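The values are calculated or read from the model by the stated rules, or taken from the named source; none is laboratory data. In this text the structure is predicted, and so the values were computed from the model without any measurement. All Cβ positions, even for glycine, are placed from backbone atoms using ideal geometry, and neighbour counts span all protein chains on display.
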Amino acid sequence: MIIVCIKVLIFLLRKLTPYSATALPGLLLEDYFPSTLKKLSSQLDKAVFITGTNGKTTTAKMLGTILKSQEVAFIANPSGSNMTRGIATSLLDHCDWRGNLSIRTGIFEVEERTMPKLVGLIKPEIIIITNIFRDQLDAYGEVDKTLSYLASAISSCQPKYLILNADDHRVASLAKIATGKVSLIGLDKPYRDQIKWENRGPKNVDSDYLITDIAVRSDLGTEFLLSEHSKKIARVSLRTPGIYNCFNAAAALLCARELTGKLLPAPLSSMSPAFGRGEIIEHLGARFRVLLVKNPAGMNLNWQLINRAAEDKAILFILNDKVADGCDVSWIWDCEFNDLPKNAKIYVAGTRRWDMVLRLTYSGIHVDKVYDKLSSAIFDLSTMGKKVFVLPTYTAMLEFRRELGKKTKVSKIWQQ
Amino acid sequence: MKKIILNHLYSLNLNIYGDLGNIIALQHHARNFGVDLEVVHTEINGPMIPADIYFIGGGQDEDQMLVFRDLLKHKKFIEEEVAKEKIFLLVCGGFQLFGKYFIDSKGNRIEGLGILDMTTESPDEKVTSRCIGNVVVKMDPEFVKYWQIDTGFSKYLVGFENHGGQTHLSPILKPIGQAVVGFGNNSNDKLEGCWHKNIIGTYLHGSLLPKNPHLATAILNKIVQIKRMETEKTDTDRFEMEKRAHEEILNRFL
């Protein structure tokens with residue numbers, strides 16, 4: 001009965017507003033009907049959790065793409081609604097009126113702090129941990145606290161297989177508490193040093209899998225070689241931009257190999273980027289590439305990418321400070337803007353646009369225009385016919401897609 | 001070019017929550033003064049470098065403990081610099097270290113420098129609540145007067161706090177103001193930060209100085225006075241962007 005009511009609610013909410021009902025129905029279940037949630041979640045035979053500060057959504061999409069190519073059915077939370085409520089909503093989407101799940105495998109991206117609680121509800125067989133960066137510190141407090149959430153989750157659920165980032169010393173340290181198989185994936189040294197790892201820099205952890213020979217194509221797609229104990233095992237080609245996505249792809253490949261018994265890089269070469277993660281949306285003469293930024297590490301990695309793109313480009317920063325963005329915007333002061341493309345036009349919008357303007361101006365960067373309304377920014381930039389790199393925080397990204405979606409086709413986030 | 005030296009203490013360990021913004025802001029305003037702001041660093045086990053202004057920021061508990069031990073080695077030097085009326089800007093974790101003692105979340109008592117007559121206790125490990133959020137501080141008139149802060153720009157300071165530690169000032173130590181939005185030093189008394197000689201301690205980051213140019217320029221003016229430097233005049237009318245950022249917070253939260 002509860003399930004019937006909530007499913008009706010999901011249907012109605014999605015009819016009403018096109019960008020909703022990815023969390024609320026699950027929240028009702030989580031808060032008021034925990035035993036019903038338990039009844040749903042306990043039907044899963046197999047689950048993979050993907051967690052870490054950056055790369056959860058992209059890694060989950062990559063893993064899902066490979067599994068789909070093998071016709072493996074699974075339940076996921078592609079909308080990025082990655083707390084218990086979001087995962088509960090996904091389960092609701094896949095059960096019948098009596099509460100029976102039609103599919104018994106779950107591939108979920110999970111917010112770091114949700115991990116300890118969620119492993120009590122769903123016991124994952126495999127956990128992928130991408131990295132731990134400063135992110136939404138107002139919510140979490142500190143990066144070491146994030147690490148402790150992940151450690152306690154691993155200790156309590158003891159996954160059979162743990163896939164870890166060898167270059168992030170906090171993440172790599174989790175190998176010590178693993179009781180099952182562990183794979184450490186690392187970038188070759190020159191690439192590893194391009195990423196500003198949190199506080200203490202990369203350590204030379206022996207990785208089991210090494211990413212080498214990274215090449216960035218003119219369309220900003222990425223190619224690399226994956227080696228297993230120095231033996232080359234795959235050449236991987238991605239449409240998703242950014243060297244940091246090489247780890248995500250490698251993790252997805254190894255995870256899919258564990259699930260299917262096969263190493264399958266081919267499906268990744270045609271996968272379009274996940275929403276807001278390098279996604280391209282065209283409107284009139286403009287080509288918007290949306291690159292979600294949530295923290296300094298992510299911001300700094302954009303410059304190299306944008307510098308590679310052809311001339312006549314613009315950058316639109318959209319800085320919001322809602323809960324899902326992190327209410328504290330001080331992280332913008334930890335970003336480096338020295339490598340920001342010199343020839344790009346700079347535009348700023350968002351609830352904390354003036355903080356962003358100050359940040360850029362203090363670094364000697366000329367801001368061409370500040371927009372009070374995102375719709376005006378979209379209107380102006382659409383008619384300029386430039387390549388526009390949109391660097392939004394999380395809610396800003398959703399808002400941008402929603403605004404642009406009023407004018408042109410933008411895919412729905414839960415149908416990724 | 002005339003030069004001011006800023007020592008960013010323990011920048012490798014205490015550099016969380018955009019602390020760098022304070023230095024970037026001081027550099028920006030110094031340029032407008034026609035002064036070059038040179039940044040030097042003293043790190044753990046490194047030499048202490050004399051400067052005109054010392055800045056120390058916040059960090060994670062683990063890093064803060066490492067810094068605590070090292071900082072005590074420089075206690076005498078710091079006391080002498082304070083006596084010479086050198087300027088210290090202390091934010092969050094760094095602020096706590098200048099007090100009498102600090103009790104961490106496990107109940108360990110750690111001696112501080114004892115330069116500021118105040119104490120800090122971290123809540124029990126099981127208590128998850130922290131003082132987190134936007135803060136608006138109404139500046140204390142005495143603070144404004146001593147530092148010659150231009151209240152024509154604003155009589156408030158705005159920022160963001162994120163701390164577990166609860167700091168209590170002794171009755172003789174003066175706060176920089178009253179938290180009219182947010183917590184300030186602790187969850188109860190609404191006092192925010194403190195000042196003593198030329199030390200300013202605060203829980204505001206986010207970052208403090210970019211959105212509070214009246215304080216940033218007051219600090220620079222103080223250094224200039226102490227050093228008897230001649231500089232180009234500035235006026236607050238130029239702070240248009242800063243004003244937008246500052247008022248955005250006042251309008252939303254006050």
Report task. Report whether or not B:Val135 is buried (at least 19 other Cβ atoms within 10 Å of the Cβ), within 14 Å of chain A (Cβ to nearest Cβ) and either polar (S, T, N, Q) or outside any helix (DSSP H, G or I) (or both). Result -> yes
Query raised in the report: How about region A:341-366: which of its residues are under 23 Å from A:Thr395 (Cα atoms) and outside any strand (DSSP E or B)?
Result: A:Gly350, A:Thr351, A:Arg352, A:Arg353, A:Trp354, A:Asp355, A:Met356, A:Val357, A:Leu358, A:Arg359, A:Leu360
Report task. For region A:314-338, enumerate the residues that are over 22 Å from A:Leu398 (Cα atoms) and not in a loop (DSSP other than H, G, I, E, B). Result -> A:Trp333, A:Asp334
Query raised in the report: Any idea which of A:Ser227, A:Ser207, A:Ser218 is among the polar types (S, T, N, Q) and closer than 30 Å to B:Asn13 by Cβ?
Result: A:Ser207
Query raised in the report: What number of residues within region B:130-143 satisfy the criterion of being aliphatic (A, V, I, L, M) and within 12 Å of B:Lys174 (Cα to Cα)?
Result: 1
Query raised in the report: On the given criteria, is A:Thr89 surrounded by 23 or more Cβ atoms within 10 Å (Cβ to Cβ) and touching a residue at least 60 places away in the same chain (Cβ under 8 Å)?
Result: yes
Report summary line: B:Ala179 meets each of (1) within 14 Å of chain A (Cβ to nearest Cβ); (2) at pLDDT 95 or above; (3) not in a helix (DSSP H, G or I) with one exception, condition (1)
Report task. Would you check if there is a residue in region B:39-54 being within 14 Å of another protein chain (Cβ to nearest Cβ) and among the hydroxyl-bearing types (Ser, Thr, Tyr)? Result -> no
Query raised in the report: For A:Leu316, are the conditions met, namely being under 26 Å from B:Phe160 (Cβ atoms), away from chain B (no Cβ under 14 Å) and modelled with pLDDT of 95 or more?
Result: yes
Query raised in the report: Being among the acidic types (Asp, Glu) and touching a residue at least 40 places away in the same chain (Cβ under 8 Å), is that true of even one residue in region A:140-157?
Result: no
Query raised in the report: Considering only helices (runs of 4 or more DSSP H) fully contained in region A:101-170, which possess at least 3 residues that are among the small types (Gly, Ala, Ser), more than 14 Å from chain B (Cβ to nearest Cβ) and surrounded by fewer than 19 Cβ atoms within 10 Å (Cβ to Cβ)?
Result: A:143-157
Requested in this report: Can you confirm whether region A:370-386 contains a residue that is away from chain B (no Cβ under 14 Å), within 24 Å of B:Gly18 (Cβ to Cβ) and touching a Gly at 6+ places or on another chain (Cβ under 6 Å)?
Outcome: no
Query raised in the report: Is region B:94-112 home to any residue that is surrounded by 18 or more Cβ atoms within 10 Å (Cβ to Cβ) and within 14 Å of another protein chain (Cβ to nearest Cβ)?
Result: yes
Query raised in the report: So which of A:Leu254, A:Leu264, A:Leu268, A:Leu259 ends up being at pLDDT 95 or above, closer than 24 Å to A:Tyr209 by Cα and outside any helix (DSSP H, G or I)?
Result: A:Leu264
Report task. Please go through region B:4-18 and pick out each residue that is within 13 Å of the chain's Cα centre (by Cα) and away from every other protein chain (no Cβ under 11 Å). Result -> B:His8, B:Leu9
